[in-house]
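A quick write-up on the structure given underneath.
Every number in this text was worked out from the coordinates using simple rules, so none of it is lab data. Bear in mind that the values here come from a model prediction, so they are computed numbers and not experimental data. Positions of Cβ are backbone-derived with ideal geometry, glycine not excepted, and every protein chain shown enters the neighbour counts.
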Amino acid sequence: MKLLLSIILCSSLSYGAIDNINSFQAEFTQSVTDDKNVSIEYNGLIAAKKPQNAVWNYLMPIKKDVYISKYKVTVVEPEIEQVIIRRIESNFDFFILIKNAVKVNDNTYEANYKETKFMIKIDNSLIESISYKDEFDNDVKIIFRNQKQNIEILDSKFIAKYPVEFDIIRD
């Protein structure tokens, strides 16, 4: 569930930002720190495009691809030859959330969704990072590098790709 919330949040963030983002592409580092100060760090690439398409390519510590559309998340895990296809409720619209975000200072915005507060850092009109506490009270921080906004991204990038012999689990 924590991964799903992060996926929805981050992919949705990529659709609309402080100004007007229609597409977003970047390298990312995502750290999740629990209440005992134990952290795990993920690295990879993200591409996202309006209306609600995103793909997270996790490269480390394990390879995993997460494809997101309005009502579906497909997680491809090559190391265990498995694909998980899960329907999601798409009532979280980060574009509206960010539009209503409150500017805290020159490069920080605060946005709220349900009971979660998101801190969004901007540098030169580019999304630099997002941080929040997840539903398990973990501190989550996603830092973006080499960001590109409003570039052309082909729709085919958001179609899940996996070998037919992988096990498919539908939720």
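Under 11 Å from the 7 Å Cα→Cβ point of Ile84, by amide nitrogen: which residues of region 147-165?
none
Compute the signed sum of charges (Lys and Arg +1, Asp and Glu -1) over the other residues within less than 12 Å, Cβ to Cβ, of Asn43.
Around Asn43, the charge tally is +1.
Could you tell me which GluC sites (Glu not before Pro) in region 108-171 are loop residues by DSSP with no more than 10 other beta carbons within 10 angstrom of their beta carbon?
Passing both the DSSP loop test and the Cβ count: Glu115, Glu152, Glu165.
Among the listed pairs Lys63/Lys114; Lys114/Lys157; Lys117/Lys157; Lys72/Lys148; Lys133/Lys161; Lys49/Lys133, which have their C-alpha atoms separated by more than 29 angstrom in this model?
Violating the 29 Å Cα-Cα cut-off are Lys63/Lys114; Lys114/Lys157; Lys117/Lys157; Lys133/Lys161.
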